[in-house]
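The values are calculated or read from the model by the stated rules, or taken from the named source; none is laboratory data. Keep in mind the model is a prediction, meaning the values are calculated, not measured. Every residue, glycine among them, receives a Cβ derived from its backbone with ideal geometry; neighbour counts consider all protein chains shown.
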Amino acid sequence: MKRHFTLLLSLFAIWSVQAQITITANDITAIGITAVQTVDTLPDASITEGGAGLQSWDYTALKDQEESDFTFLMPDETPFFSEFPDANLAAKSDSLGYIYFTFNDQAFKIIGTRAHFEIDSATSFDVSVRINPGQSLLRFPATFGNSYEETTLQTIAVEGALIGFPFDSVRLETTTKRNVSIDAYGDLTTPVGTYEVIRSSELNQAWDSTYILFAGVWQLVDGSAEPDTSYNYNFWTNTNGLGFPVVQVEYEPEFDAYSVTWLKSIVTADNEALQGPAMEIFPNPASEFLNLRFEEAQSGTAEVFDMNGKLVASQKLDSSEA
């Protein structure tokens, strides 16, 4: 079965984290951040969610296949703020349009999106997706061992003529039951570095319904008898004082298929890139060999590119050596 909606579950924030890895609403200040993510649609077999509790995840085999970026801003800086008046944070995405959020002392939630759809070269339209009640990205205080359940309703309505239906309007609804737990923590390594993370694990069951508006009456014409089931694993970090999910693993049991979204880079409101590990590079310039000296032991992969962007060398880093 095919779900009507593919919704962004990503959220990027700045927070200070205490030793017990606890996040509160006061820790989140995402305004002005631009994050660049990429998707590995066919990840290596070594990349799985792993077990619960203290873990170590090696995701250095992740591939860079489909890149997108998100810039976080105030809702009134977006053209569709009037459709989501309760939002107090928004994100502009080059692939998903605009996303709207709310947060308070109890929870951080996504409440809707506004996107542009193209059916074919001659047919396209803008549409809003509303989520009521909003879908929790974090509930506060968020810490290892937390868990909760919730049910959300996602709704989209379009004119029938826009999508080739001989009816006044078509409404698509998805009811989703979610079971969420922060059930693991430890070190996670991606192609760009190693991070201390906590993992939010989600079981999602979604039922779709389709309604038509005909002669002034909404009528149910199709509905899911069995839910679509998926699992999401979001790995959050606080590296250099910037908090965000560096990896998101999605597993669809119906197809036994994984896809992984991972963070390539992030730029702050001051236009400063998230700093990588401190190191020395010598000799510079180099012709036959190059030395990298890190101040601290590192895990991951060091890659060297020439002036044309061609990869000329790749070397795994051993975390046991500085």
Can you tell which of Asn232, Asn204 is assigned by TED's automatic domain parsing to the domain that holds Thr174, part of a strand (DSSP E or B), surrounded by 20 or more Cβ atoms within 10 Å (Cβ to Cβ) and within 20 Å of the chain's Cα centre (by Cα)? Asn204
When you look at Tyr98, is it aromatic (Phe, Trp, Tyr) and over 18 Å from Pro191 (Cα atoms), yes or no? yes
On the given criteria, is Asp64 part of a loop (DSSP other than H, G, I, E, B), at pLDDT 90 or above, in the same structural domain as Pro141 (by TED's automatic domain parsing) and within 16 Å of the chain's Cα centre (by Cα)? yes
Scan of the stretch 67-78 for residues that are assigned to a loop (DSSP other than H, G, I, E, B) and surrounded by 15 or more Cβ atoms within 10 Å (Cβ to Cβ), ordered by number: Thr78
Matching residues in the stretch 70-95 - criterion: being of a type in the set (Phe, Trp, Tyr) and under 15 Å from Thr34 (Cβ atoms): Phe70, Phe72
Do the conditions hold for Ala87, that is, is it assigned to a loop (DSSP other than H, G, I, E, B) and surrounded by 13 or more Cβ atoms within 10 Å (Cβ to Cβ)? yes
For the stretch 188-220, name all the residues that are touching a Phe, Trp or Tyr at 6+ places or on another chain (Cβ under 7 Å) and not polar (S, T, N, Q). Leu188, Val197, Ile198, Arg199, Glu202, Leu203, Tyr211, Ile212, Leu213, Phe214, Trp218, Leu220
State all residues of the stretch 137-179 that are outside any strand (DSSP E or B) and more than 30 Å from Glu202 (Cα to Cα); if no residue qualifies, say none. Gly160, Ala161, Leu162, Ile163, Gly164, Phe165, Pro166, Phe167, Asp168
